[in-house]
Each structure stands twice: as structure tokens, then as C-alpha cells.
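Working notes, beginning with the structure itself.
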Amino acid sequence: MASKARCLTCDDCYFRKSNLCALNLADPCPTFRPATRGTMVSPRQPQLVPTQQPRYATPRMALA
């Protein structure tokens, strides 16, 4: 049985619940942080992917 996704509102935001929000918007702003059990939930961070170090060219000796 599929459940419907709940629409987030500003009333679900930590800043609004803590009276720290100064905005009066219809939709949640980019700084929206869900309030869970009275604490702020930090946003998910992207996973760091290691990259291969570039190979630097070895310096050539100048020809005289």
C-alpha cells in the first residue's frame, strides 16, 4: 500500500518552531530544516568521491 508524500510547510521548519524565522512565505525557503523532536536536522551532505591525482609532467632540461 503506497502512502502519499506529505507536503512540507514552514510550520514544519525548525526555525519557525523556534521563533527564529523572519520570513513570511507561502512555501518553505532554501534554509528549511525539518524539526524533529525539537532539534534541527542537518542537511544531507554529498558523499565524497576520491579522485585520481593528476600526473604532472616531469620538467625537461633546456637544450643549449
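The values are calculated or read from the model by the stated rules, or taken from the named source; none is laboratory data. Nothing here was measured: the structure is a model prediction, and the numbers come from that model. Cβ sites come from the backbone with ideal geometry, for glycine too, and all protein chains shown count toward neighbours. For accessibility, only protein heavy atoms count, side chains too; no ligands or nucleic acids. Shrake-Rupley method; radii C 1.70, N 1.55, O 1.52, S 1.80 Å.
Some notes on this structure:
- Looking only at residues in the stretch 1-17 that are outside any helix (DSSP H, G or I) and loosely packed, with under 12 Cβ neighbours inside 10 Å, the one that is modelled with the highest pLDDT is CYS7.
- Residues of the stretch 26-50 satisfying the condition of being in a loop (DSSP other than H, G, I, E, B), of a type outside the set (Ser, Thr, Tyr) and open to solvent by less than 90 Å² (accessible area, probe 1.4 Å): PRO28, CYS29, PHE32, ARG33, GLY38, VAL41, PRO43
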